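One structure below.
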Amino acid sequence: MEKFRFLTSGESHGKGLTAIIEGIPSGFDINPDFINEELKRRQQGYGRGARMKIETDTVEILSGVRFGKTLGSPVTLFIKNKDFENWEKIMSTDPQDYTEDKSFSAYRPGHADFAGSIKYNQKDLRNILERSSARQTAMEVAVGAVAKQILDKLGISCSSKILQIGKAVNPEDFHQEIDTAKEAGDTLGGKIEVVYSGLPIGLGSHVHWDRKLDGRIAQAVMSIPAIKSVEIGDNPLGFTGSEYHDEMYLEDGKVIRKTNHAGGLEGGMTNGENLVVRAVMKPIPTLRKPLNTVDSKSMQETQAHFERSDTCAVEACAVVAEARIACVLVNEILLKFGGDSLEEILKRVNCER
Ligand code: EPS
């Protein structure tokens, strides 16, 4: 059974985004300012689109926290979509407001439109776009910011960086790469890296496929919109065994490593080294210079739907990946150490160290 669980809801242009998080022990400080800083980080980054100029994502904590501390009860978060003001009629939940305004039927290749509309039997592709939009990642970052505050109390911290944007691997070239794509009405993906340090040894397990932490992290990161591959540590392709594996030495009676090719995971468990996760994001599939496609209503060849889009959201993706991994790690900590309150967990985690 999972210990730290959450569900999110909300459409991109609906009233807002909601999450209910279950399993947070009592006594943890939850600072809304920190959540808002994380939300701001997700909104920033070179190459973001017009929507980010409309929104100032701000969290409202609706339950589970009193005077800044968790109660052990479910924590509910809400983020208002400011853009809803412009979509009130189009995104109305009331049957009387039915309109075809803003409906569209030209599939965007690379997006959820095609398979989603067939699966859910929807003629208006907006009914798929609204939930498949990366807008939902705002709430995932807010949930991750709650998880990060739990990890922080346990001495676990995180950082991330961009390794590549488009073809550019030098950070000084990233902006030019994005400008060129933007001028061409095109989009760009890239590669990110997230590092967590301070993790106790033995999170995850080797005993079952579904308890291996590398598998759990890969799932959490792979399911971020537009992610196409996930790596833990250095990609081992082309290394020999003697080159790749991190040899062990003794220092003051403790086992140490001089390298971390494994990225902090061996046998599906944390080994005390930094957890290193890398992921590749594809270019956003909503293009100003539309791709060739098919119209689902007329069944004629046409050009894909375009409303607006980001040229590049790789920086935002790194923030989302940090958040997703934070949630996986909190779950693993609760599975290993248990406990209903901060004091109980702190005692157990510190005992292991
Ligand atoms: C996003 C909100 C969306 C997009 C983007 C990410 O808002 P809108 O559709 O109103 O422009 O900007 O999502 C996509 C490009 C996509 O294809 O899903 C956000 O909040 O991050």
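From the residues in segment 237-261 that are β-branched (Val, Ile, Thr) and either assigned to a loop (DSSP other than H, G, I, E, B) or at pLDDT below 95 (or both), which one is farthest from residue 214 (Cα to Cα)? Break it down stepwise before answering.
Narrowing segment 237-261 to residues β-branched (Val, Ile, Thr): 240, 255-256, 259.
Then drop every residue that is not either assigned to a loop (DSSP other than H, G, I, E, B) or at pLDDT below 95 (or both), which leaves 240, 259.
Numbers: 240: 21, 259: 19 Å.
Per the stated criteria, the residue is 240.
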Is it true that some residue in segment 149-164 is away from the ligand (no atom under 16 Å from the Cβ) and without any contact (Cβ under 8 Å) to a residue 24 or more places away in the chain? yes
Does residue 277 satisfy the condition of being at negative phi, buried (at least 21 other Cβ atoms within 10 Å of the Cβ), not acidic (Asp, Glu) and not in a loop (DSSP other than H, G, I, E, B)? yes
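Restricting to segment 78-92, count the residues that are within 21 Å of residue 36 (Cβ to Cβ) and loosely packed, with under 14 Cβ neighbours inside 10 Å. Don't jump to the end; show me each part of the working.
Initially, segment 78-92 is screened for residues within 21 Å of residue 36 (Cβ to Cβ), giving 78-85.
This time we only want the ones that are loosely packed, with under 14 Cβ neighbours inside 10 Å, so: 85.
The qualifying residues number 1.
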Determine whether segment 234-245 contains at least one residue that is in contact with a strand residue (DSSP E or B) (Cβ under 7 Å, 6 or more places away or on another chain) and not β-branched (Val, Ile, Thr). no
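Among what's in segment 83-107 and is touching a helix residue (DSSP H, G or I) at 6+ places or on another chain (Cβ under 7 Å) and closer than 26 Å to residue 283 by Cα, pick the residue that is farthest from the ligand (Cβ to nearest atom).
Just the residues of segment 83-107 that are touching a helix residue (DSSP H, G or I) at 6+ places or on another chain (Cβ under 7 Å), to begin with: 83, 89, 91, 102-104, 107.
Applying the additional criterion that residues be closer than 26 Å to residue 283 by Cα yields 83, 102-104, 107.
On the way: 83: 6, 102: 11, 103: 15, 104: 12, 107: 13 Å.
Among them, the one singled out is 103.
Can you find a residue that is within 29 Å of residue 151 (Cβ to Cβ), of a type in the set (A, V, I, L, M), part of a loop (DSSP other than H, G, I, E, B) and in contact (Cβ under 8 Å) with a residue 60 or more places away in the chain anywhere in segment 287-295?
In the first step, residues of segment 287-295 are kept if they are within 29 Å of residue 151 (Cβ to Cβ); the result is none.
The answer is no; no qualifying residue exists.
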Among the residues of segment 108-143 satisfying the criterion of being near the ligand (Cβ under 10 Å from one of its atoms) and not in a helix (DSSP H, G or I), which is nearest to residue 60 (Cα to Cα)? 133
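Could you pull out the residue among 147, 184, 115, 134 that is under 21 Å from residue 226 (Cβ atoms) and buried (at least 18 other Cβ atoms within 10 Å of the Cβ)? Write out each step before concluding.
Values: 147 fails: under 21 Å from residue 226 (Cβ atoms); 184 fails: buried (at least 18 other Cβ atoms within 10 Å of the Cβ); 115 fails: buried (at least 18 other Cβ atoms within 10 Å of the Cβ).
Within the list 147, 184, 115, 134, the selection yields 134.
Conditions tested, residue by residue: (1) closer than 30 Å to residue 348 by Cα; (2) buried (at least 16 other Cβ atoms within 10 Å of the Cβ).
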position: 221; (1), (2): yes, yes
position: 226; (1), (2): no, yes
position: 232; (1), (2): yes, yes
position: 262; (1), (2): yes, yes
position: 273; (1), (2): yes, yes
position: 303; (1), (2): no, no
Going through 353, 257, 288, 278 one at a time, which residue ends up being of a type in the set (D, E, K, R) and within 16 Å of the ligand (Cβ to nearest atom)? 288
Scanning segment 35-72 for residues that are more than 16 Å from the ligand (Cβ to nearest atom) and part of a loop (DSSP other than H, G, I, E, B), which turns out nearest to the chain's Cα centre (by Cα)? 64
Out of (1) of a type in the set (D, E, K, R); (2) more than 15 Å from the chain's Cα centre (by Cα); (3) within 16 Å of the ligand (Cβ to nearest atom), what's the single condition that is false for residue 179? (3)
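Checking the structure you have, find out if any residue of segment 93-101 is buried (at least 19 other Cβ atoms within 10 Å of the Cβ) and modelled with pLDDT of 95 or more. Steps first, please.
Kept after step one, since they are buried (at least 19 other Cβ atoms within 10 Å of the Cβ), are these residues of segment 93-101: none.
No, segment 93-101 has no match at all.
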What single numbered condition from (1) within 16 Å of the ligand (Cβ to nearest atom); (2) over 24 Å from the mean Cα position of the chain (by Cα) fails to hold for residue 283? (2)
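The values are calculated or read from the model by the stated rules, or taken from the named source; none is laboratory data. This is a predicted model, so every value here is computed, not measured. Reconstructed Cβ throughout: ideal geometry from the backbone, glycine too, with neighbour counts over all protein chains shown.
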